[in-house]
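The values are calculated or read from the model by the stated rules, or taken from the named source; none is laboratory data. Everything quoted here is computed from the prediction, not taken from an experiment. Heads up, the Cβs are rebuilt from the backbone with ideal geometry, glycines too, and the neighbour counts pull from every protein chain shown.
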């Protein structure tokens with residue numbers, strides 16, 4: 001099991017996680033677009049038990065999804081880097097922002113999700129499956 005390290009832009013918050021992603025995705029929902037300032041977010045769903053903050057204390061912002069679930073978005077309070085999300089219905093999983101890993105080059109998306117909100121100028125790879133919302137069978 002590989003251990004991967006990451007953190008925010010300014011280095012105030014650092015984390016580590018082990019194991020393999022349960023799901024690798026590119027999310028096109030409007031909340032991810034607004035939080036990141038980008039047309040989509042590359043993320044991996046990892047077991048919360050295999051994740052820990054090793055330095056610093058990140059801030060949290062809680063919002064509701066379209067489905068009514070609480071989504072906690074965790075970020076560095078110094079530089080604003082979005083680090084991960086947790087959904088109230090799945091506290092056993094963290095959704096880590098791939099580009100916060102020290103080496104994100106290993107990322108390979110399984111799917112593009114919430115493409116109903118994809119920006120028309122963000123060209124999606126047709127080889128990657130696309131889902132209008134969250135794919136059935138991926139309980140998160």
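Observations, loosely collected:
- Residues that are loosely packed, with under 14 Cβ neighbours inside 10 Å, touching a strand residue (DSSP E or B) at 6+ places or on another chain (Cβ under 9 Å) and within 14 Å of residue 80 (Cα to Cα), drawn from segment 35-65: 59, 60, 61
- Residue 17 falls short of the stated requirement of being over 14 Å from the mean Cα position of the chain (by Cα), modelled with pLDDT of 95 or more and under 28 Å from residue 122 (Cβ atoms).
- Single condition residue 132 does not satisfy, out of (1) more than 24 Å from residue 16 (Cα to Cα); (2) part of a strand (DSSP E or B); (3) free of Cβ contacts under 8 Å to residues at least 60 places away in the same chain: (2)
- Residue 51 being under 22 Å from residue 20 (Cβ atoms), in contact with a helix residue (DSSP H, G or I) (Cβ under 7 Å, 6 or more places away or on another chain) and at pLDDT 95 or above: no
- Unique match (being under 27 Å from residue 2 (Cα atoms), at pLDDT below 95 and surrounded by 12 or more Cβ atoms within 10 Å (Cβ to Cβ)) among 90, 97: 90
- Any hit, segment 100-111, residues being in contact with a helix residue (DSSP H, G or I) (Cβ under 7 Å, 6 or more places away or on another chain), surrounded by fewer than 17 Cβ atoms within 10 Å (Cβ to Cβ) and modelled with pLDDT of 95 or more: yes
- Only a single criterion out of (1) over 15 Å from residue 27 (Cβ atoms); (2) modelled with pLDDT under 95; (3) part of a strand (DSSP E or B) is not satisfied by residue 71, namely (1).
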